[in-house]
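Okay, so here's the structure we're looking at.
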Amino acid sequence: MPATPRRKKPVVKMVPLPEAVLRYRLLDTKQTAALLGVEVKTLSDWRIDNIGPTYTKVGHLVKYMVADLLDWLDGRRVVPGGGAARE
């Protein structure tokens with residue numbers, strides 16, 4: 001019997017999203033830990049101690065909005081010499 005020809009997969013074009021939309025993307029704890037350079041356990045500890053970035057509960061899942069992570073990081077900036085952080 002001759003082999004049946006394979007169907008071509010449809011081509012899906014990725015449309016670049018505006019930065020405003022990307023700010024509201026949700027990351028899971030592994031992605032967030034990698035972004036911040038910390039362990040997943042550290043994020044868990046921060047949630048328990050109420051000292052980490054803002055997070056969102058989606059059912060039983062913990063998600064971090066990119067906008068919240070950026071805001072949290074901005075609030076942790078330190079400028080040598082005690083001056084105000086530049087925007």
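Read-outs throughout are calculated quantities, based only on the coordinates presented, and are distinct from any laboratory measurement. Everything numeric here is computed off the predicted structure, so don't read it as measured data. Here Cβ is always computed from backbone atoms with ideal geometry, including for glycine, and neighbour counts include all displayed protein chains.
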Of 13, 63, 41, the most mobile residue in a GNM of the chain (C-alpha springs, cutoff 10 Å) is 13
Helix 40-49 sits off the longest principal axis of the Cα atoms of the chain, rounded to the nearest 10 on a 0 to 90 degree scale, by 40 degrees
From DSSP H assignment alone, runs of 4+ in the chain each adding -39500 (n - 2.57), the sum over residues rounded to the nearest 500 puts [θ] at 222 nm at -10000 deg cm²/dmol
So, with points 7 Å from each Cα along the Cβ direction, the residue 76-residue 60 label distance in nm works out to 2.8 nm
Per GNM of the chain with C-alpha springs under 10 angstrom, the most fluctuating residue out of 23, 47, 76 is 76
Helix 66-75 sits off the longest principal axis of the Cα atoms of the chain, rounded to the nearest 10 on a 0 to 90 degree scale, by 20 degrees
About its Cα centre, the chain carries a charge dipole, from +1 on Lys and Arg Cβ atoms and -1 on Asp and Glu Cβ atoms, whose size in debye to the nearest 20 is 800 debye
Counting lysine pairs in the chain that sit 8 or more positions apart or on different chains, with Cα atoms under 19 Å apart, gives 5
Quotient of Cα radius of gyration and Kirkwood radius for the chain, i.e. Rg/Rh, equals 1.24
Contour minus Cα-Cα span, residue 51 to residue 15, at 0.36 nm per residue, comes to 9.3 nm
